[in-house]
Each structure stands twice: as C-alpha cells, then as structure tokens.
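Colleague: Okay, handing you the structure first.
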There are 2 protein chains.
Amino acid sequence: MMGGDRGLNVTATGVSLALDRHPDLSCTLVGDEQQIRAALGSVGKTDRVDIVHTSESVDMHESPASALRFKKDSSMRVALDLLGSGEVDACVSAGNTGALVATARFVLRTLSEIDRPAIISTLPRTQGHVYMLDLGANIDSPAEILMQFSLMGESMVRTIEGIERPSVGLLNVGSEEIKGSEVIKATNELLKASGLNYIGYVEGDDIFNGSVELIVTDGFAGNVALKTSEGLAQMLTQVIREEFSRGFLTRISALIAAPVLKSFRGRFDHRTYNGAVLLGLNGTVVKSHGKVDGLAFSHAIDTARLAAQKDLTGHIRHDLEASRISLTKATPS
Amino acid sequence: MMGGDRGLNVTATGVSLALDRHPDLSCTLVGDEQQIRAALGSVGKTDRVDIVHTSESVDMHESPASALRFKKDSSMRVALDLLGSGEVDACVSAGNTGALVATARFVLRTLSEIDRPAIISTLPRTQGHVYMLDLGANIDSPAEILMQFSLMGESMVRTIEGIERPSVGLLNVGSEEIKGSEVIKATNELLKASGLNYIGYVEGDDIFNGSVELIVTDGFAGNVALKTSEGLAQMLTQVIREEFSRGFLTRISALIAAPVLKSFRGRFDHRTYNGAVLLGLNGTVVKSHGKVDGLAFSHAIDTARLAAQKDLTGHIRHDLEASRISLTKATPS
C-alpha cells in the first residue's frame, strides 16, 4: 500500500478508517519506514499494521519503462512483489497509473487468456452503480482485446454484485449511420456470439440512466467519459455552493436546504467510488485516485479487501476458461 | 428549417420565440404545408414566415446514403437546396444527424481546404462556455483532419466570441505514459507547428474548468464526452428533485431554495446550449438536438442567425487560406 500525490497522511488516515471498519483486516504499508511511522502515529493507529521499508518511490511523471527498470526497491515494486509471493492478498496504490499497470503486469503476469490488463471501476447511478472498463490502461484496443475486457468485466460484476447474468453494453456514438469504427463493429459481432447478456450499443448518457450493468469501451473513450463526469460533477458542486452563498437570503436557504444537499452529496460522493481494479492479472491490484483524501483512500482499501475476499481473480480465471470452451464451440455456427 | 422527433409544434414554438426575439429575422419553414400552417396557427405566428411545401421527410433511422439518393423532395434536402441557391442565409434541422451531414456535404460541398465537415458546439462552464469539436460527424479521423478541425474551430471562436487568439487544447487521456494514440501524437505535432494558440493536451475534466477555449477531438471521443455530460446532468437534476420531494420538511426547504435552484438551473440550462454547427461547408447549417422543446429550438435558430450575421463561413474560408500559407511557410523549419 502506497501513497499518492498527497502523501502518507492520506494513506495513514485511509488505513485507519478501513481497519476500524473491518476487524478482519490487516495492512502492510510499503515505503519509507520512518515517515510511515510518523504518519501512523499522527492517526494513532499501530495494531494490525506491518511496515516494509523501501528506499525509492516512483515519480508521478516517471515513464512505466523507467519505473520498471530502475525502481526495483520502490514502494510500488516491493508491494507488488509481496502480492506476487502471496505475502499479502491485495495491493492498493495511489501512484503513477502507467507505472502501476506496467509493473503489475511484469510482476504478476496477466491471466493466460488475457493479453492486456484493463482498469475497471463503478460510476454512480440514480439506483446503484454501473461498471465500466477500460478506463485508461490501454488505447487503440482491437476487437479481441475488447472482448477479453467484456468477459473479465462480466465476471467481476457477477462475483462482486452477485448478479448472475449482468447486462453488457458496448459504448458507441449517437447517430445510427456512423455507428462505430471497424473495431466497434467487429467487437459488436464478437459480443453477439459470446453468450454474454449483451444488449448492444450504448451511448454516453446510458452510463447514468440505469439501462446497463457493464459498459465496455476502449481506454481512450472510457477515460474521457470518466474524466468528463468528474469535471462536470465538480463544476456543478462548486456552482451550487456559489449560488447558495450569493447573499443573506440564499445563505439562509442553504442552511434550510442543508440536509437535502447533504443527502444528495452523500449519494454521489466520488470518494465512495474511489478504487479502480486492474483486471486480468494474477492478483488483486487496486488503483486509488491520486488526489483524494483519507476517506476516499479507505474506500479503495475496501474494494481491494472485497475483491480478495470474494476471490475475484479465481472467478475471472474460471469464467475465462469456461467461456473459452463455449467460444470455441460457438465458432462453427 | 425542419422539425425533429417531437415534430412541428416544437419547430413552430421555436420559430415564434426566435422571431419575437429578433425583429430582423424571417424564417422559411420547409415541410408539409398544411401541417406547418396548423402548427403556426396554434402559436399564432404567421408574419415573417414563408412556407415551402415538400412531400417527403427523412426518417430518424434512415441511412445517409438512402436519404441522399431517395429523398430529393424531403424537407431536409429542399431546405439545404434553398441554402445552396442563396435563398436563405442558414439552415436549421432537428433531423437525422448522419443524413444531414451527408446531404449538406453533397448539396453545399466542403470548403476547398476541408475534407470532412465537423460538428461543433459549446458546453457550459463556471464562467462562459467552451467550444468542442468534432461531436460525432466523423470517427477515426487522422491527424490531418483533426488539424483541419482545429483551424475551423479556432476561426469560429474568434468570429463568434471576438477572442483574437483563442486557446486550443487536444483531448487526450490521463496518464503521462500512455499519452495518446499515434493519431493524437501526430496531431499534437501538427498543432505545435500551426501557429495557433495551442496549449497542448487537455483531459475530460478540463472541459469544465475553464482552462481552454476550444477542445479538439475525434467525433467518437467528442460524442462520448457530450453524451456523458448530458446523461450526468440529467441524472443529477432528477436526483435533486427527488431529494427535495422526499418528505414534508424537504418540500418546504425546496420552496425556500427554489430561487437558488432556479438560478442554478438557468446557468446550465442545456436548452441554452442547443444548436451545433456543421463546420467546413459552403453555408451555415445548424443541428438542433432531436429531443428538445421550443425554447431549445429557438436557441438553435439564434445560433444560425448569429453565424450567418457574422459571416462565419466567410471568416473560416479566409482563415483557412491564411493558415495554408503560414503552414506552407512553416514546413521547412
């Protein structure tokens, strides 16, 4: 477990919150031992915490290749090594995404049916949430890779949410006649033949309207959709705050509306949605957003704990093997 | 001018509102004369309105090729013909986007420096708005096409907003190390050498934070960003309404907060942002969203009126010729 942009205080607060929430949880923190001890001391949390000292860390702007080659004693690398050797059950990082994907892929290897790991996360809806992948681990993914993402994502929704046959949609653009690139059209055909509960093309607004449980897309469009949502939500929150603080009367109405606005914010608190999973590896790796607080970081830990507890990796491996058989069978038809 | 999904009442209301707003405006409505007369009658508006009767219309799910080949007396085709022959100054349609792009391209032809038209629109920000293109006219656009979009978009922001050197950003994904496909990287190089006020890569959240005035992207990612924003805004509006109507006390607080919420909604009313321009044609064509009301439709008419009044097409033509010279000069260095 390693910190992000805001460093160890966020990590320590997050660990403390998660440990309080889950009596079955213990955490291993990887990084500068002295700094970790100081951060943990400030939140008053030392039991169920191990520390593994490392001398290096991966810079937020470091290239994945450089991280992989030159940072063998980085907190990121050592944490993933601990996961690879089975000493921990999951790994959470708020560090450099590209370096994390590359290092995790090197240390853990992808599952035998998977060529590239994908980043998956949930986004809030009026009721519940929707899963979406890939959120930026890969760009220019061909149809076969998008099909792998679909299978992994479907398996994750079943495992974590307990939905037997989650609905799967393929993200595409609006107009009928320009419906998709060649890659999208080819993926559409693969999905139709896959045996998944595939509902066809979905559009950007379908992310939030509850029409689908898993949305599959290339990492470019997925990242654009995710970041656009984050940016819009942030702007609207800021503007609501501005509008309510314009004058004396609006401040009074803000006080009166406070419980409603608080309940509203609670339903869509982005911190609750922190913690994206790197899918397709031999092990559970969770990416926390780099610019979040301790509460958000604790939710990334929750995600990792749940994935490990439900044996997400084992379920995906099993489902991929099963679907490989069914896909092979489906080919002649 | 033609209707969309909701038909002629929306068009008639929109026309009526726009005519009331602009004493210099007159409208030609193209479609079934009898139905148009009835719709205009119901909004009590007949002066400054001409009607051109057509017997056909393009279906919302019709292919562009079919519309182009078989619907020569469709309202869409005839309206574009009127624009092509100079009988009207701009054309507004709420019809099938793909058919509109294809038919407009056939009837009006693209500007000589432009290979494909692009769809551009504004999105709201905390202060003012940001322009973004392409919103879905093209997918899989190569770097040269994205460069054409950049030049046209920049010219439009200058012409309409009066900003001499608007800042231009290229939409890309988050992580440093996976920064963009080959197309994005190549476009980045072209933009750097273009002489435009190019600020580099931007991400989805930069759409709303005011850091850039024009965002350039492929129609796939652009459409995803637009639709995602629409979907999220719609969901949040619905949830705010739900939260305020949960019980007696929340209903009271809704009454008290009403002016604030109204002001908030006013700032981000998507209807104000209705009316996307098809850029790169010999003539002003505006696409209204298909599922909007008369107020929104009137804003699409406003957009068309403003573009025609400011001679948007002439400015783009002029700027493209100027930049072709500067681009040619820039090549040796």
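Colleague: Which of A:ILE120, A:LEU17, A:THR28 sits closest to the plus end of the dipole of chain A, meaning its Cα is farthest towards the positive end, when Lys and Arg get +1 and Asp and Glu get -1 on the C-beta?
Modeller: A:LEU17
Colleague: Same structure again: Between B:SER211 and B:LYS72, what FRET efficiency follows from the Cβ-Cβ distance if R0 is 51 Å, with the result rounded to 0.05? Display every interim value, and only then the final one.
Modeller: Values: r = 46 Å, r/R0 = 0.91.
Rounded to the nearest 0.05, the efficiency is 0.65.
Colleague: Between the stretch A:188-236 and the stretch A:8-58, what is the C-alpha centre distance in whole Å?
Modeller: The stretch A:188-236 and the stretch A:8-58 have Cα centres separated by 35 Å.
Colleague: To one decimal in nm, how far is B:GLU87 from the same spot in the other copies, if labels go 7 Å from Cα toward Cβ? Please give the shortest first.
Modeller: In ascending order, 8.1 nm.
Colleague: Compute a Gaussian network model of chain B, connecting alpha carbons closer than 10 Å, and tell me which residue from B:ASN282, B:ASN96, B:ASN197 fluctuates the most.
Modeller: B:ASN197
Colleague: Between rounded, prolate and oblate, where does chain A land on the alpha carbon gyration tensor, with a ≥ b ≥ c its root eigenvalues, rounded for a/c under 1.5, else prolate if a/b exceeds b/c?
Modeller: oblate
Colleague: I'd like the distance between the alpha-carbon centres of the stretch A:102-164 and the stretch A:275-302, rounded to an integer number of Å.
Modeller: 14 Å
Colleague: Further question on the same structure: With 10 angstrom as the radius, rank A:THR54, B:THR126 by how many other C-beta atoms surround their C-beta, starting from the fewest.
Modeller: In increasing order of surrounding Cβ atoms, one gets B:THR126, A:THR54.
Colleague: Say a label goes 7 Å from Cα toward Cβ at B:SER112 in every copy; what distances in nm does this one have to the rest, shortest first?
Modeller: Result, one decimal in nm: 6.4.
Colleague: When only Cα pairs under 8 Å and 6 or more residues apart are kept, what is the percent relative contact order across the stretch A:1-157?
Modeller: 18 percent
Colleague: Could you work out which residue, out of B:VAL277, B:VAL58, B:VAL15, moves most in a Gaussian network model of chain B, that is, has the largest mean-square fluctuation with Cα springs under 10 Å?
Modeller: B:VAL58
Colleague: Right, something else. Neighbouring Cβ atoms within 10 Å as the yardstick, rank B:LYS71, A:LYS179 fewest first.
Modeller: Numbers: B:LYS71 21, A:LYS179 15.
The most exposed by this proxy come first: A:LYS179, B:LYS71.
Colleague: Something else about it: Over the stretch B:121-272, what is the relative contact order in percent, taking alpha-carbon pairs closer than 8 angstrom and at least six residues apart?
Modeller: Values: 196 pairs, mean separation 47.5, N = 152.
31 percent.
Colleague: Of the listed pairs A:LYS262/A:LYS310; A:LYS179/B:LYS45; B:LYS192/B:LYS287; A:LYS71/B:LYS185; A:LYS262/B:LYS262, which have alpha-carbon separations greater than 29 Å here?
Modeller: Pairs exceeding 29 Å: A:LYS262/A:LYS310; A:LYS179/B:LYS45; B:LYS192/B:LYS287.
Colleague: Considering every Cα-Cα pair within the protein assembly as shown, what fraction, in whole percent, is farther apart than 47 Å?
Modeller: Across the protein assembly as shown, Cα pairs with separations above 47 Å total 21 percent.
Colleague: Let me ask something else. Determine the dipole magnitude for the stretch B:121-272: charges of +1 sit on the beta-carbon of Lys and Arg, -1 on that of Asp and Glu, nothing else is charged, the reference point is the Cα centre, and the result goes in debye to the nearest 20.
Modeller: 900 debye
Colleague: Defining the label point at 7 Å along Cα→Cβ, can you sort the distances from B:ARG246 to the same site in each other copy, shortest first, in nm?
Modeller: 2.6
Colleague: Related question: Write down the Å³ per residue value for the convex hull defined by the alpha carbon atoms of the stretch B:1-142.
Modeller: Values: hull volume 21.4 nm³, N = 142.
Here the figure is 151 Å³ per residue.
Colleague: Treating only the Cβ atoms of Lys and Arg (+1) and Asp and Glu (-1) as charged, compute the dipole magnitude of chain A about its Cα centre; round to the nearest 20 debye.
Modeller: With Lys and Arg at +1 and Asp and Glu at -1, about 600 debye.
Colleague: How much length is gained if the chain between B:THR272 and B:THR237 is pulled fully straight, taking 0.36 nm per residue apart and subtracting their Cα-Cα distance, in nm to one decimal?
Modeller: 11.0 nm
Colleague: Also: What's the magnitude of the charge dipole for the protein assembly as shown around its Cα centre, counting Lys and Arg as +1 and Asp and Glu as -1 at the beta-carbon? Answer in Debye, nearest 20.
Modeller: Details: 66 positive and 80 negative charges, 242 e Å.
Using Cβ point charges on Lys, Arg, Asp and Glu, the protein assembly as shown gives about 1160 debye.
Colleague: Along the positive direction of the dipole of the protein assembly as shown (beta-carbon charges: Lys, Arg +1; Asp, Glu -1; about the Cα centre), which of B:ILE184, B:SER42, A:GLY247 reaches farthest?
Modeller: Farthest along the dipole direction, towards plus: A:GLY247.
Colleague: Related question: Could you list B:ARG246, B:ARG69, B:ARG305 so that the one with the fewest beta carbons within 10 Å of its beta carbon is first and the one with the most is last? Let's see the in-between values first.
Modeller: Working: B:ARG246 13, B:ARG69 10, B:ARG305 22.
Exposure proxy ranking, most exposed first: B:ARG69, B:ARG246, B:ARG305.
Colleague: Could I ask something else about it? Please work out the FRET efficiency for the pair A:ASP24 and B:ALA193, using the Cβ-Cβ distance as r and a Förster radius of 51 Å; give the result to the nearest 0.05. Please list the in-between numbers first.
Modeller: Numbers: r = 58 Å, r/R0 = 1.14.
For R0 = 51 Å, the calculated efficiency reads 0.30.
Colleague: Here is a follow-up. Using 1/(1 + (r/R0)^6) with R0 = 56 angstrom and r between the beta carbons of B:SER55 and A:SER112, what's the FRET efficiency to the nearest 0.05?
Modeller: The pair B:SER55/A:SER112 has a calculated efficiency of 0.35.
Colleague: Over chain A, what relative contact order in percent results from Cα pairs under 8 Å that are six or more residues apart?
Modeller: Relative CO of chain A lands at 23 percent.
Laboratory data are not the source of any read-out in this text; all were calculated from the coordinates shown. Source: prediction; values computed, not measured. Backbone-built Cβ (ideal geometry, glycine too); neighbour counts: all protein chains shown.
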